[in-house]
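Input: a single structure, listed below in structure tokens.
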Amino acid sequence: PLFFFPRRDGKFYYYRQGQLLAQESYWRDQGPSRFDPEVTLYHRYRTTEQSQLLRLFFYFGHEIPEFGGAGYDASYAQRTFTVPDLAEGLKGIAPDDSSKFDLLVLSTCFNGTPHTIGALAPYARIIVASPDNLHLSYFDLEPFEQLEAGLRDGDVAGFAKNFARQSFDRLTEDIQTAVTVAVYDVDRVQGYIDSVGSVYDQALTTLDGQ
């Protein structure tokens, strides 16, 4: 099953085995969590037998702010949206370890940071993100067209590395500035995130107060 939320339009699409089964408009600026409407729709349409399914989450857009967040949504200038808002939404979809996403892709600029990876770590096993400018928030999604072949051996981390490498190679063909695409194995980087977390969060607090 595929859940597709183009949030600018406030529309929802639900596909299963390539067939569009549901489509509806919804009011997306409701609830204390910025993702309450999407989480509700997910639970309404999701299949109950998902134990053997690979769980993927993609976010496409501008850099998600780590604090502040006002003006992120062009349709609601006063509305804020931050990394904690995204994390809260993911919590509603993947509330425990058994429901974690196998792969989470942030097709955004500057979100491969200790704070962002740490905030999303409870909800994903592997995260692909860029700590730098991603140049039009571009990731090459061609590897996902042959997902079954790419994951024949069940190696999600290996697939993520190949996906990141292909995106990096496509970007560096035409871009002269720095390109960074990183793969984060959440369990392996958790120690580093914990070691720098307090310092990083203190820096964010200082910046937020300016």
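The values are calculated or read from the model by the stated rules, or taken from the named source; none is laboratory data. Since this is a predicted model, take the numbers as computed values, not measurements. Glycine also receives a Cβ, built like all others from the backbone with ideal geometry; neighbour counts cover every protein chain displayed. These accessible areas exclude ligands, DNA and RNA; they are computed on the full protein's heavy atoms, side chains included. Shrake-Rupley method; radii C 1.70, N 1.55, O 1.52, S 1.80 Å.
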> In the Gaussian network model of the chain, springs joining C-alpha atoms below 10 Å, which of Tyr138, Tyr200, Tyr184 carries the largest mean-square fluctuation?
Replying inline: Tyr200
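Going through the DSSP H helices of the chain, which span 15 Å or more along their own axis at the Cα atoms while scoring at least 0.0 as a mean Kyte-Doolittle hydropathy?
Numbers: long enough: 83-93 (16 Å, 0.44); 156-174 (28 Å, -0.55); 186-209 (32 Å, -0.07).
Result, helices passing both filters: 83-93.
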> Using mean Cβ contacts within 10 Å as the protection proxy, how do 15-26, 73-84 order, highest first?
Replying inline: 73-84, 15-26
> Excluding ligands and nucleic acids, what accessible area in Å² is computed for Thr180 using a 1.4 Å probe, to the nearest 10?
Replying inline: 50 Å²
> About its Cα centre, what dipole magnitude does the stretch 79-147 give when the only charges are +1 on Lys and Arg Cβ and -1 on Asp and Glu Cβ, stated in debye to the nearest 20?
Replying inline: 240 debye
> Once Lys and Arg get +1 and Asp and Glu get -1 on their Cβ, which of Val156, Tyr26, Tyr123 lies farthest toward the positive end of the dipole of the chain?
Replying inline: Tyr26
>> If I take all pairs of Cα atoms in the stretch 91-210, what percentage of them are more than 18 Å from each other?
In response: 57 percent
>> Among 86-97, 165-176, how do they line up by average Cβ neighbours within 10 Å per residue, starting with the highest?
In response: 86-97, 165-176
>> Restricting to Cα atoms and excluding each atom paired with itself, what does the Kirkwood estimate give for the stretch 15-119 in Å?
In response: 15.3 Å
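Report in % the part of the accessible area of the chain that belongs to carbon and sulfur, leaving out ligands and nucleic acids; probe 1.4 Å.
The computed percentage sits at 50.
Using +1 on the beta carbon of Lys and Arg, -1 on that of Asp and Glu, and nothing else charged, what's the dipole of the chain about the Cα centre, debye to 20?
On the way: 18 positive and 29 negative charges, 95 e Å.
Computed about the Cα centre, the dipole is about 460 debye.
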>> Cut-off 13 Å, label point 7 angstrom out along Cα-to-Cβ of Asp208: give me the residues of the stretch 83-100 whose amide nitrogen falls inside.
In response: 83-85
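With a probe of 1.4 Å, find how much accessible area the chain has per residue, and write the answer as a whole number in Å².
Numbers: 11940 Å² over 210 residues.
Result: 57 Å² per residue.
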> Given 10 Å bins starting at zero, what is the percent of C-alpha pairs of the chain in each, up to the one with the largest pair distance?
Replying inline: 8, 32, 39, 19, 3, 0
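Is the shape of the stretch 63-125 best called rounded, prolate or oblate, per the rule: a/c under 1.5 gives rounded, else a/b larger than b/c gives prolate, else oblate, with a ≥ b ≥ c the square roots of the Cα gyration tensor eigenvalues?
On the way: a/c = 2.37, a/b = 1.72, b/c = 1.38.
Note, shape of the stretch 63-125 comes out prolate.
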> In whole angstrom, how long is each semi-axis of the equivalent ellipsoid of the stretch 140-210, when you take the square root of 5 times every eigenvalue of its Cα gyration tensor and sort them from largest down?
Replying inline: 31, 20, 9
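Mind ordering 53-64, 106-117, 144-155 by average Cβ neighbours within 10 Å, highest first? All intermediate terms of the calculation are to be shown ahead of the outcome.
Values: 53-64: 16.4, 106-117: 21.6, 144-155: 11.2.
The peptides rank, most packed first, as 106-117, 53-64, 144-155.
Based solely on its DSSP helices, what 222 nm [θ] is calculated for the chain when runs of n ≥ 4 H residues each add -39,500 (n - 2.57) and the sum is averaged over all residues, nearest 500 deg cm²/dmol? If you can, show how the numbers build up before the last one.
Values: 6 runs with 75 residues, N = 210.
Result for the chain, helices only: -11000 deg cm²/dmol.
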